[in-house]
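Reading through the structure tokens given below for one structure.
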Amino acid sequence: TDFCGPPKTIQHASLSLNGQYYLGQVLHFKCQSSYDKRHPISGTRRCEKVNGKIIWTHLDMRCTNDSS
């Protein structure tokens, strides 16, 4: 089985995972409760094989505690 390395973390977001990072796995990220949610407020990344390389899909998600 092909495995991905650990995914890049997203600041102020929590991640539900089981510690295994395998091809086809989907990870769910969610902003922490004390942070304002900027769309998207949650998202997923998938471990995929692209052109022979195993990568995590891109996730453009921001969590902030800015008061503005």
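Taken together, the values in this text are just the output of simple stated rules run on the coordinates, not laboratory data. The structure displayed is predicted, hence computed values, not measured ones. Note that each Cβ is placed from the backbone with ideal geometry, even for glycine, and that neighbours are counted across all protein chains shown.
How much net charge surrounds VAL26 when only the other residues with a Cβ under 14 Å from the Cβ of VAL26 are counted, with Lys and Arg +1 and Asp and Glu -1?
Values: positive: LYS30, ARG45, ARG46; negative: GLU48.
Summing Lys/Arg as +1 and Asp/Glu as -1 gives +2.
What distance in nm separates the two pseudo spin-label positions at TYR35 and GLN11, each 7 Å out from Cα along the beta-carbon direction?
Calculated label separation equals 0.9 nm.
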